[in-house]
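Visitor: Questions regarding the structure given below will be posed in turn.
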Amino acid sequence: MDSQSKYPYELPPLPYDLKSLEPYISANTMSFHYGKHHLAYVNKANELIKGTLYEEQSMLQVMRNSINKDPVIFNNVAQIWNHDFFWKSMKPGDGAPDNRMNEKIITTFGSLEKFNQEFSEAAISQFGSGWIWLVVEGTKMKIMKTSNADNPLVHGIKPLLALDVWEHAYYMDYQNKRVEFVKVFLDHLINWDFANANL
Ligand code: MN
């Protein structure tokens with residue numbers, strides 16, 4: 001979703017059906033994660049922003065202006081954007097990076113396997129709720145971890161891909177086994193076309 005979007009926010013459409021990511025992510029998980037969690041962030045953000053100066057600001061401005069001052073507003077608005085970016089970071093059907101992205105991955109990480117390993121280690125070591133990102137900072141591609149609702153965008157860093165490692169993202173399908181969820185994301189769901197388009 002466009003970070004220039006303004007209040008009132010709407011739940012952005014999913015780029016696929018609720019059951020499209022099965023068997024890796026169940027329609028049940030998607031119906032809760034998108035239909036309840038993502039929607040709740042939209043409703044809460046609208047409720048909190050109504051009648052404040054944030055009404056006139058773009059989503060990006062709201063995030064930057066609220067991060068240290070109004071953490072509850074920041075959390076809800078950032079989670080609207082983060083989730084839309086996460087849905088787009090996945091697609092049905094196994095994919096691989098195209099030539100341009102593959103070259104970048106090899107130059108940066110050594111190989112796709114090493115990228116997977118580094119991404120997976122970041123995801124497993126993120127303590128508590130948060131997000132794992134593939135980003136470009138300046139000209140350098142790297143993996144970034146953020147806690148809770150924090151994201152690269154608000155720090156002026158360009159995100160290419162996101163993985164939600166909040167428990168609600170995987171608990172129904174994988175219980176507490178975050179490591180399995182991360183492997184499935186890397187092996188079967190990651191949308192390299194989206195990362196390439198963001199590059
Ligand atoms: Mn989530």
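Rule-based calculations on the coordinates, nothing more; no lab input. As the structure is a computational prediction, the values presented were derived from the model and not from experiment. No Cβ is skipped: glycine too gets one built from the backbone with ideal geometry, and neighbour counts run over all protein chains shown.
Visitor: Run the dipole for segment 27-88 about the Cα centre, Lys and Arg Cβ at +1, Asp and Glu Cβ at -1, nothing else charged, and hand back the magnitude in debye, nearest 20. Intermediate results must be reported in sequence, preceding the final value.
Guide: Details: 6 positive and 5 negative charges, 31 e Å.
The dipole of segment 27-88 has a size of about 140 debye.
Visitor: Now for a different question. On a 0 to 90 degree scale, rounded to 10, what angle separates helix 71-88 from the longest Cα axis of the chain?
Guide: For 71-88 against the chain, the angle is about 40 degrees.
Visitor: Now, a different point. Under a straight-distance cross-link criterion of Cα-Cα below 19 Å, which lysines are reachable from residue 91, leaving out those fewer than 8 residues away in the same chain?
Guide: 19, 183
Visitor: Count the lysine pairs in segment 27-88 that are 8 or more places apart or on different chains: how many have C-alpha atoms under 19 angstrom apart? Each step should come with its number before you reach the end.
Guide: Numbers: 36/44; 36/88; 44/69; 50/69.
The number of close lysine pairs in segment 27-88 is 4.
Visitor: Give, rounded to the nearest 20 debye, the magnitude of the charge dipole that segment 99-198 has about its Cα centre when Lys and Arg contribute +1 at Cβ and Asp and Glu contribute -1 at Cβ. Don't skip to the end; give the middle numbers.
Guide: Numbers: 10 positive and 12 negative charges, 58 e Å.
My answer is approximately 280 debye.
Visitor: I would also like to ask the following. Cut-off 10 angstrom, C-alpha nodes, Gaussian network model of the chain. Which of 68, 116, 148 fluctuates the most?
Guide: 68
Visitor: Determine by what factor the alpha-carbon radius of gyration of the chain differs from 2.2 N^0.38 Å, reporting the quotient.
Guide: 1.00
Visitor: Against the longest alpha carbon principal axis of the chain, how many degrees, from 0 to 90 and to the nearest 10, is the axis of helix 39-49 turned?
Guide: The angle comes out at about 40 degrees.
Visitor: In the chain, with Lys and Arg counted as +1 and Asp and Glu as -1 at Cβ, which of these residues, 136, 192, 41, has the Cα nearest the positive end of the dipole, that is, farthest along it?
Guide: 136
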